[in-house]
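The values are calculated or read from the model by the stated rules, or taken from the named source; none is laboratory data. Remember, predicted model here, so these are calculated numbers, not experimental data. In this analysis, Cβ positions are derived from the backbone assuming ideal geometry, glycine residues included, and neighbour counts consider all displayed protein chains. Please note that ligands, DNA and RNA were not included when accessible areas were found on the heavy atoms of the full protein model with its side chains. Shrake-Rupley method; radii C 1.70, N 1.55, O 1.52, S 1.80 Å.
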Amino acid sequence: MEVVIVPDAKAGGELIAESIAALWRRKPDALLGVATGSTPIPIYDALTAKVAAGDVDVSRARVCQLDEYVGLPAGHPESYRATVIRQVVEPLGLGADSFIGPDGSAEDVQAACEAYDLALASAGGVDLQILGIGTDGHIGFNEPCSSLASRTRIKTLTEQTRIDNARFFDDDIDQVPHHVITQGIGTILEARHLVLLATGEGKAEAVAQTVEGPVAAVVPASALQLHQHATVVVDEAAASKLKLAPYFRHTFANKPVWQGL
């Protein structure tokens, strides 16, 4: 995988946004997989600025979700669908028909999971998938020891995750769902390009294990080592435990500009 060390989150967001813009320039209907949370916001802000400046045409662009809460009513403001619409779809000026996501309110959740995998395949597959990483190395909601071949499925949230996410539900943990639908690691690996953004010292150990450690289910993000086009973008703090940081800096500094990310 390629590791790119940037000064800060803003620089990482701008770098990834330009890669997405370049993708849409050469493939206007490319499908972008988006993640939620605070980490990818600099990407979406930079991408929105590019669209506003007329640097990229998104009239045919498409986006899809990485995961979704189970059991929230349709239209709930803290569903990941609503979050993606608020943070990505509306700022970019995309139409409702440009968006693909799993149905977290379905009565048959397993069928909804299978339907989402089929929908992604029918859409031609994900061209670029944005990923974040947890301090324990999880991607999506694939917690440690998730199968590296897993498909989109229902997962039970850990108590710590529910505590962490209570801030989005008026600090009331009882409002936080116990389950989510998440793309499995096997599903994620089918995207043509994976781009993981990590910022902050708290992610440093997980990044080091992902990049320089063995491929192991206990660090789900390490599965990116198996992908033919995986890019890990990290700020200085998140890169602080990488033994090969000097090598990563050298290779990116000397990379041909035409290659992009």
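Under 17 Å from a point 7 Å along the Cα-to-Cβ line of SER147: which residues of region 180-205 have their amide N that close? Counting only backbone N, you get 181-190.
Taking all protein chains together, GLU205, GLU2 sort by accessible area into GLU205, GLU2, largest first [probe 1.4 Å]. Based on the Cβ-Cβ distance of HIS179 and TYR247, what FRET efficiency does E = 1/(1 + (r/R0)^6) give at R0 = 45 Å, to the nearest 0.05? For R0 = 45 Å, the calculated efficiency reads 0.65. Per-residue accessible area (protein heavy atoms, 1.4 Å probe) orders PHE99, PHE168 as PHE168, PHE99, starting from the largest.
Think of it as helices only: each DSSP H run of n ≥ 4 in the chain is worth -39500 (n - 2.57), and spread over all residues that comes to -8500 deg cm²/dmol at 222 nm. Within region 191-240, the proportion of C-alpha pairs whose separation exceeds 13 Å stands at 53%. Per the Kirkwood formula applied to alpha carbons, region 111-261 shows a radius of gyration over Rh ratio, Rg over Rh, of 1.00.
The string of couplings for region 248-261 from the Karplus curve (6.51, -1.76, 1.60, θ = phi - 60°) is 4, 5, 5, 5, 6, 5, 9, 6, x, 4, 5, 6, x, 7 Hz, one whole number per residue in order, with x for Gly and Pro. Taking the centroid of alpha carbons for each part, region 1-59 and region 117-155 are 19 Å apart. Based on Cα contacts under 8 Å between residues 6+ apart, the chain shows a relative contact order of 25 percent. With a 1.4 Å probe and all protein chains left in place, how much of the accessible area of the chain comes from carbon and sulfur atoms, in whole percent? After summing per-atom areas, the C and S share lands at 54 percent. The figure for ASP103 is an accessible area of roughly 80 square angstrom, using a 1.4 Å probe on the protein chains alone. Calculated FRET efficiency, ASP170 to GLU107, Cβ-Cβ distance, R0 = 30 Å: about 0.65 to the nearest 0.05. Taking a straight Cα-Cα cut-off under 22 Å and skipping sequence neighbours fewer than 8 places away in the same chain, the lysines within cross-link reach of LYS50 are LYS10, LYS27. In the context of the full set of protein chains, residues of the chain present 44 Å² of accessible surface per residue (probe radius 1.4 Å, heavy atoms only).
Fully extending the segment from ARG25 to SER38 would add 2.0 nm, taking 0.36 nm per residue of separation and subtracting the current Cα-Cα distance.
The translational diffusion coefficient of region 1-132, from Stokes-Einstein at 20 °C and 1.002 mPa s with a Kirkwood hydrodynamic radius over alpha carbon pairs, comes to 139 µm²/s.
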